[in-house]
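Everything on this sheet refers to the single structure shown next.
The values are calculated or read from the model by the stated rules, or taken from the named source; none is laboratory data. Owing to the predicted nature of the structure, the values given are computational and were not obtained by experimental measurement. Cβ placement follows ideal geometry from the backbone for every residue including glycine, while neighbour counts extend to all protein chains displayed. Ligands, DNA and RNA are excluded from the accessible area calculation, which covers all protein heavy atoms including side chains. Shrake-Rupley method; radii C 1.70, N 1.55, O 1.52, S 1.80 Å.
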Amino acid sequence: MDSIFGLSHTATMLIWTLITIVFLIVLISKYKWNPFVSLLISALMLGLLTGMNAEDVIGSITGGVGGTLGTIAIVIGLGTMLGKMMAESGGAERIATTLVNRFGQKRVHWAMMIVGFIVGIPVFFEVGLILLIPIVFTVARKTGLSIIKIGIPILAGLSTVHGLVPPHPAPMIAIDAFDANLGMTIFYSILVGLPTAIIAGPVFGNIISKRVQVEPPAELAEQFSLKSERELPGFGITLLTILLPVILMLAGSVAMIVDPAGSNGLTHFLEFIGDEIVALLISVVFALFSLGFARGFNKSEISKFTSECLAPTASIILIIGGGGAFKQVLIDSGVGNAIAELATSININVILFAWLVAALIRVATGSATVAMTTAAGIVAPVLGMSPDVSVELVVLATGAGSLFLSHVNDAGFWMIKEFFNMSVSQTLKTWSVMECILSVVALILILLLSFVI
């Protein structure tokens, strides 16, 4: 199918791509098909419509799944184990309690943003939400403050990390697709992420809590208030355990900057332990002792923790793999080059282009992961024709776009609605607006940063 209606080959491929993306969005949002199945069907459809041989389409799909999950699956598995050890040991509760005591009641919502930011580094957003909801209810009960004022900053911290900060799997997808530098992406993500989380979290939370008043669900509040007392791990060792992978990755990147030729053994060693897989593996092993054996858990309990936490990750891994398949078909069919030529000809800013593509897919499908994986495949070829742009900033722009406007087609929307005992209207005014603020503020900061990098 080289052309339709007498259009050029490039225009024809772009039309087929648009039709396929609309088909993908409709399958997921309207008919509620599983995103993994939808992505595979769409990848097959795109390959055949753009004229690829059937055998080549299958090869692109399998190669895309394998290539994408080669690193990401390991990162997800190890990150989930690290998050599980933090949950079971009471490490998250220790971080929250310490920061609340240090900040005081008047500034407790600032502490909650930091809690969400730190706790969100090794865990999925949904896991972090479930992990921190008891802390939201506990702090609200102790301080008498609105759960909106307490909760929005935590959600902002969790969501910012989810979209922007490696080694979280979402930004890692774009890092792999764009071949970005991990350490520089972490550095830029913190520069962008912290002020973004502050504006969307404590600042917006303080404003909206005066307009939206809710009470926590009685049953949940009672359940969390009856939690058994237990000795918590120390703040220092908990913080070190959670931040260890980030510290190791940054150390590896600094070594590469200081000694790019790799002329001594220390540089090679720091690069080795700074690899995302090695850094996470070291951190998980460290956590088994610092938050496991040191807290009195036996080997059977730790084995159970590290095994049972992996089951919920199967769905997210498959979705990422499906996105990788779609991305590879985009590249192998030549659609990626066609999109790159179009973006170059209309002279659109690559950072803005990446944000816009991810935002549109996010709004349509409700999935930040689908938005990130699909946008990565569309944006990657454009980068090849834009040598002056910072690849790391394009990673962040894609992540920021993937956070835009969570609404009724997003499972996270309904989780937050139920946990905070809000109506749909109240959830739109709080959570949905917060996500828009996060996304837009991050984009503005990324664009500003692009002028000096």
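Please enumerate the residues belonging to the range 230-264 that are under 23 Å from His168 (Cβ atoms), modelled with pLDDT of 80 or more and open to solvent by 60 Å² or more (accessible area, probe 1.4 Å). Answer for the range 230-264, where residues must be under 23 Å from His168 (Cβ atoms), modelled with pLDDT of 80 or more and open to solvent by 60 Å² or more (accessible area, probe 1.4 Å): Ile237, Leu240, Ile247, Val254.
Scanning the range 430-450 for residues that are open to solvent by 30 Å² or more (accessible area, probe 1.4 Å) and either within 24 Å of Thr138 (Cα to Cα) or without any contact (Cβ under 8 Å) to a residue 24 or more places away in the chain (or both) yields Ile444, Leu448. Within the range 414-429, being assigned to a helix (DSSP H, G or I) and either on the phi > 0 side of the Ramachandran plot or open to solvent by less than 10 Å² (accessible area, probe 1.4 Å) (or both) holds for Ile416, Thr427.
Here Ala354 clears all of (1) open to solvent by less than 20 Å² (accessible area, probe 1.4 Å); (2) in contact (Cβ under 8 Å) with a residue 60 or more places away in the chain except the condition numbered (2). Please enumerate the residues belonging to the range 335-348 that are open to solvent by 20 Å² or more (accessible area, probe 1.4 Å), touching a residue at least 24 places away in the same chain (Cβ under 8 Å) and not aliphatic (A, V, I, L, M). Once the filter is applied, which keeps residues that are open to solvent by 20 Å² or more (accessible area, probe 1.4 Å), touching a residue at least 24 places away in the same chain (Cβ under 8 Å) and not aliphatic (A, V, I, L, M), the range 335-348 yields Asn337, Glu341, Thr344.
Across the range 265-295, the qualifying residues are those that are within 27 Å of the chain's Cα centre (by Cα) and small (Gly, Ala, Ser), and the one among them that is modelled with the lowest pLDDT is Gly274. For the range 365-413, the tally of residues that are part of a loop (DSSP other than H, G, I, E, B) and in contact with a Pro (Cβ under 7 Å, 6 or more places away or on another chain) stands at 1.
Just to be sure I understand, how many residues within the range 287-331 are among the small types (Gly, Ala, Ser), buried (at least 19 other Cβ atoms within 10 Å of the Cβ) and within 27 Å of Val379 (Cβ to Cβ)?
Residues meeting the conditions: 5.
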